[in-house]
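*Asks:* The structure follows.
The values are calculated or read from the model by the stated rules, or taken from the named source; none is laboratory data. Computed from a predicted model, the values in this text were never measured in an experiment. So basically every Cβ, Gly included, is an ideal-geometry build from the backbone, and we count neighbours across all protein chains shown. Ligands, DNA and RNA are excluded from the accessible area calculation, which covers all protein heavy atoms including side chains. Shrake-Rupley method; radii C 1.70, N 1.55, O 1.52, S 1.80 Å.
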Amino acid sequence: NGDAANPACRGIEGVLEAYHRSLRSVQLYGPTNFAPVVNHVARAAAAVLDGSQYFVLLIITDGVISDMAQTKEAIVNVS
């Protein structure tokens, strides 16, 4: 949602709103390293033990993933 201190969105509508807002405000540039973001979101999701929340990680990119091997490993590990 653009707020690093409170990144929660309310429902699918909130996710879509955050997506549309990001299209207008995010400036894309490299290098593109996804593994740290995947791992960060996975740690946040793992902290919610009661199943009361779900987590959506939307990655928007304009080019080559700089850490492809690490990103694949992170996705496999957190799945």
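*Asks:* Between Ala4 and Val37, what is 0.36 nm times their sequence separation minus the Cα-Cα distance? Round to one decimal in nm. Let's see the in-between values first.
*Replies:* Numbers: separation 33, 0.36 × 33 = 11.88 nm, distance 1.24 nm.
That works out to 10.6 nm of additional length.
*Asks:* For segment 55-62, in order, what is each residue's ³J(HN,Hα) by Karplus, 6.51 cos²θ - 1.76 cosθ + 1.60 with θ = phi - 60°, in whole Hz (x at glycine and Pro)?
*Replies:* Along segment 55-62, the couplings run 10, 10, 10, 9, 10, 10, 9, 10 Hz.
*Asks:* Another one. Out of the chain, which chymotrypsin sites (Phe, Trp or Tyr not before Pro) are coil in DSSP terms and have no more than 16 other C-beta atoms within 10 Å? Write down the numbers at each step before the final one.
*Replies:* On the way: sites: Tyr19, Tyr29, Phe34, Tyr54, Phe55; in loops: Tyr29, Phe34, Tyr54, Phe55.
Passing both the DSSP loop test and the Cβ count: Tyr29, Tyr54, Phe55.
*Asks:* With n ≥ 4 as the cut-off for DSSP H runs, can you work out [θ] at 222 nm for the chain, using -39500 (n - 2.57) per run divided by the number of residues, rounded to the nearest 500? Could you put the intermediate results ahead of the total?
*Replies:* Values: 3 runs with 38 residues, N = 79.
It comes out at -15000 deg cm²/dmol, rounded to the nearest 500.
*Asks:* Still on this model: Expressed as a whole percentage, what fraction of the accessible surface of segment 35-79 belongs to carbon and sulfur atoms when a 1.4 Å probe is rolled over the protein heavy atoms?
*Replies:* In segment 35-79, the share of accessible area belonging to carbon and sulfur is 60 percent.
*Asks:* So, one more: From the Cα gyration tensor of the chain, with a ≥ b ≥ c the square roots of its eigenvalues, which class applies: rounded if a/c is under 1.5, or else prolate if a/b is larger than b/c, or else oblate?
*Replies:* Numbers: a/c = 2.32, a/b = 1.10, b/c = 2.11.
Oblate shape, in that a/c is at least 1.5 and b/c is the bigger or equal ratio.
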